[in-house]
Every structure is written in C-alpha cells, then in structure tokens.
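First the structure, in the form of structure tokens, and then the observations on it.
What follows is calculated from the coordinates using simple rules that are stated; it is not laboratory data. Keep in mind the model is a prediction, meaning the values are calculated, not measured. Here Cβ is always computed from backbone atoms with ideal geometry, including for glycine, and neighbour counts include all displayed protein chains.
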There are 2 protein chains.
Amino acid sequence: LLTLRAVARLQEADVIFYDRLVDDEVLELARRDAERVFVGKVVGASAWPQERINALIVAEAQKGRRVVRLKSGDPGVFGRAGEEIAAAEAANVPIEIIPGVTSACAAAARAGISLTERGVSDTLVLATGTGAHGGALPESVRLTTPGTRTAFYMATRQAGAIEKALLAQGVPEDVEFTLACDVSKPGERILTGVLKDLEQTVTAAGVRGCAVILVTWPQDRSARSTPVLRSA
Amino acid sequence: LLTLRAVARLQEADVIFYDRLVDDEVLELARRDAERVFVGKVVGASAWPQERINALIVAEAQKGRRVVRLKSGDPGVFGRAGEEIAAAEAANVPIEIIPGVTSACAAAARAGISLTERGVSDTLVLATGTGAHGGALPESVRLTTPGTRTAFYMATRQAGAIEKALLAQGVPEDVEFTLACDVSKPGERILTGVLKDLEQTVTAAGVRGCAVILVTWPQDRSARSTPVLRSA
C-alpha cells in the first residue's frame, strides 16, 4: 500500500529512520547502501524518546544526507509527525511530507466496507484509544454519535474502557464494531460483533498491537438516544 | 500518490470506469488495450446516475472481464463505494477494495501540518460539506468541538453555510482554517485564514471543485465555549 511517491523518496534516501510498524518488505525497496536505523517506538513504551528521534533526524540532514523518516499509515494521523516537523523547521531543514493510506482506510477496505455511507455514517471520526494524559477513559469517545463511524487507533489495550465509555454516554449496546488486526500483514484478522461484546472479543482473540476498532452508530437509530457532548 | 497495489490492479484491468477527479497520468498506467469509460460524476450533477454505474460494473464483470472502478482519494471516504460494493455483492461478483490516500491526508501533507497534534487536535473528523439531503446547513458541522480538526470534503460551495453554522454553535471566529485546492494537480493552492473570513476567502480566490477545508479548534481554547451537540 506504499505510494509511488513514497517508493521514489525511499530509493533516494541515504538514511532511513523507521519504527516497529514498518515491514521488512518496505525497507527492502530502499537502496542497498542506505543506512537503516530502527528507532524502536513501541505503543506505550518508546525505546527512543521523541526528542532523541527529532534531534537525530535534524543532525543527519544537517550533514547533507537525504533522510527519510518512515512511518506506517499516514504520518499525519496519530503519527506524532507534528513534533518532527517542528524540529526540522526550527533547524531550517527543508522537508516534504508524503501522505499515506491511514489505518482506518486500510482496515475498512479489507473488511469490505465503505467508511462513510449515506444515511448510516455521514461523518467519520478518527480517534485514539490512548488518552492524551494516559487516562483510562479516552476523551475521544465523546464524538461517537448517531450518524458517525468512529475509528479508534491504538485502541486494543483500551477496548474495555472504550466499551464502557460508549455505553455510558448512550451508544446502543448492539451497534456493530469491526476489529481489524494486523491489516496487510501475516496474521491479518477481521472480527465483528456488537458493542457490548467488544472487550470480551478483544480478550478472547488475544489481540494486541496494531489494530483498529471501527464502531458504527447508524443515523436512523438517532431516536433511541440524544447524547450530549461532555465538555471537553 | 497511487499505491503499488493500485498500479498492479490497473495494469491487469480489461475495463476501467473512472470519473472526473482522476488524472490522465493515472489512466496512462493501465494497459494500452484496456477500455477506459468515463462515468462523468460531477459534484452536484451526476451525468451518470449511480444505479447505471452499478449496473454497468456488474454487467462487465459478469462477462468475465476484469473491471477496475477507479476513484480519486480513498474509495471508502465520501466515495459512494458502499453502493457499488452492495451491487457487486448482490450479483455475487467478487471484489477487492484497494484503499487510497484520502484527500484530508494529501491536503495536510502539502500544507505541512500533522492532522492530529497532541493537545491541539486529538481527534480528526472527516465530514462533508454536502448535506445528506442537500440542505444548506450541513449536519456535519456538529462535531467540530474543542480538540478537533475537521476536514470538510466537497465543501467549497457550502463554505458560507459552514462558516455560519460553526460560528452559530460557538466555534471561535479566530480559529484557523486551511483551504487546500487541487492538491497534487496543476494549480494546487493552499490558503489559510481565520474562520470569520472563510466564505470571503473561498469567494475571493474563485475556488471551485476539488478542495478540502480543514478547521482546527485547539483543545486549550475549550474554556471559551461549551458547545452542546445538536440532536442528530
């Protein structure tokens, strides 16, 4: 699912910084003599602090090397690209951002569904299961309302908290979820069920790591509940 | 920004159905002998009714030809893929959905911003400027709340209605917007401003067609206003 433009830049790179979610197959597209540096970001436990990654990217670019910072999915969607962009700009290092296929799109395609559907999900919400402050109850659930499909990224550890929070704010217990694990990788799995079984499904399937949870609250159920936004 | 997988499928196609937003450059990647059929969808005025497109795709596949339905961006995000998927399934025609780079991601990359940013936009909302019932006031604005970035697709004709609706529900008039027009095409333009000038900017720039409007309401302004979800 790499774009042609991403392949072109990979092949020009002198040094590539990549993390845990990047496939070996992708790295093989780079030049043989390109330096490959694993910066080891793991959900919830960065082997490399973000500041160190930022500093290293800038330092390599200032040596005159062509640097690629390779991320899985789209770098602008829960990829912490903002911090690396800011570091490069502060150092006057010119950058180009290559957009990618974000996980929600890849997951929906494999599940055979359209993320937006007229009269069902007129709005798509991309949220994270990991609270900004590491809280157990993600603030991101608040936008799951009638007529939305919500994609929760990095959400498997928080599946129980998401289920509870959604039920507590009035999402019907029988709205459907789709759980997409390791999309486009060996071991890819697509599981579906209803909201009240979300945590149980994640636990029973032993899902960890790279998964997206899609929750769909169709528009035509809106009469069942009138949720009010919690003050953010 | 086409993916390697999309290129592979294009090159296998016997017939390709494409619409207005697809570049000639992309069509040239297909086999020379592949049939190319323009199904002429134009915002607000489909030359071809969706039902006719569905029927034709199915009929060609049932002749044993390899059919590609080529769309710009990601087919699952405001691409009406759901109707074509349903038509194929109803006819027992096997399909594969190839995800793509959705417009919000492409626009943000060109504008040099990350769609999600910790403490600024923890949630990304993909909405359409065209109401489900063609209404002047898009329902999609209701999820623009503190801590969100909202991408309005197909929104230039509705820029005035979006501006008014956002202001009416308490979005501060000086939150920033980014207007990305014809991204990755000749004539690409990125314009920025504040919400109260959105309609005026779209009008003054003579923007039409393929544009995405990003509106960012940072989390740390939440004290200024406590919006309540309108019942959907």
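Express the relative contact order of chain A as a whole percentage, based on alpha carbon pairs under 8 Å and six or more residues apart in sequence. Mind dumping the intermediate values first?
Working: 395 pairs, mean separation 38.3, N = 232.
Averaging sequence separation for qualifying contacts and normalising by length gives 17 percent for chain A.
For B:VAL194, the distances from its label point to the matching points in the remaining copies are 5.0 nm, ordered from shortest, with each point set 7 Å beyond Cα toward Cβ. Which shape class applies to the protein assembly as shown: rounded if a/c is under 1.5, otherwise prolate when a/b exceeds b/c and oblate if not, where a ≥ b ≥ c are the square roots of the Cα gyration tensor eigenvalues? Rounded. Exposure proxy for A:PHE38, A:PHE152, B:PHE78: other Cβ atoms within 10 Å of each Cβ, ordered fewest to most, give A:PHE38, B:PHE78, A:PHE152.
Please list A:165-171, A:30-36, B:65-71 highest first by mean number of surrounding beta-carbon atoms within 10 Å per residue. Walk me through the numbers before you get to the answer.
Numbers: A:165-171: 18.3, A:30-36: 13.3, B:65-71: 20.3.
Highest to lowest by the protection proxy: B:65-71, A:165-171, A:30-36.
Between copies, the label points at A:ASP182 (set 7 angstrom from Cα along Cα-to-Cβ) are spaced 4.6 nm, reported in nanometres from shortest to longest. Take each residue of peptide B:89-99, count the partner chain Cβ atoms within 10 Å of its Cβ, and average: the result is 3. Any idea which of A:ALA59, A:ILE113, A:ILE162 is furthest toward the positive side of the dipole for region A:22-174, if Lys and Arg beta-carbons carry +1 and Asp and Glu beta-carbons -1? After comparing all options, I get A:ALA59. When shorter helices are ignored and each DSSP H run of at least 4 residues is given -39500 (n - 2.57), the per-residue value for chain A at 222 nm works out to -7500 deg cm²/dmol. With a ≥ b ≥ c the root eigenvalues of the C-alpha gyration tensor of region B:91-220, is it rounded (a/c under 1.5), prolate (a/b larger than b/c) or oblate? Judged from the Cα gyration tensor, region B:91-220 comes out rounded (a/c under 1.5).
When the Cα positions of B:ALA90, B:THR145, B:LEU27 are compared along the charge dipole of the protein assembly as shown, B:THR145 comes out farthest toward the positive end, with charges on each C-beta of Lys, Arg, Asp and Glu. Across A:SER114, A:SER140, A:SER103, mean-square fluctuation computed from a Gaussian network of chain A (C-alpha pairs under 10 Å connected) peaks at A:SER114.
Indicate the gyration tensor shape class of region B:1-97 (rounded, prolate or oblate), computed on the Cα atoms with a ≥ b ≥ c the square roots of the eigenvalues: a/c under 1.5 is rounded; otherwise a/b larger than b/c is prolate and the rest oblate.
Cα axes put region B:1-97 in the rounded bin.
Averaged over the residues of B:104-111, the number of partner chain Cβ atoms lying within 10 Å of the residue Cβ comes to 6.
When peptides A:186-192, A:202-208 are ranked by their average number of other Cβ atoms within 10 Å per residue, the highest-first order is A:202-208, A:186-192. If a spin label sat at a point 7 angstrom from the Cα of B:GLU96 along the line to its beta carbon, the backbone N atoms of region B:6-24 nearer than 17 Å would be those of B:6-17. Plainly put, the tip 7 Å out from Cα toward Cβ on B:ARG20 is 4.5 nm from that tip on each other copy, the closest given first.
Among A:118-125, B:1-8, the peptide with the highest mean count of other Cβ atoms within 10 Å heads the list, and the full ranking is A:118-125, B:1-8. Net charge dipole, the protein assembly as shown: roughly 200 debye, given to the nearest 20, about the Cα centre with Cβ charges of +1 for Lys and Arg and -1 for Asp and Glu.
For peptide B:78-85, the mean count of partner chain Cβ atoms within 10 Å of a residue's Cβ comes to 5.
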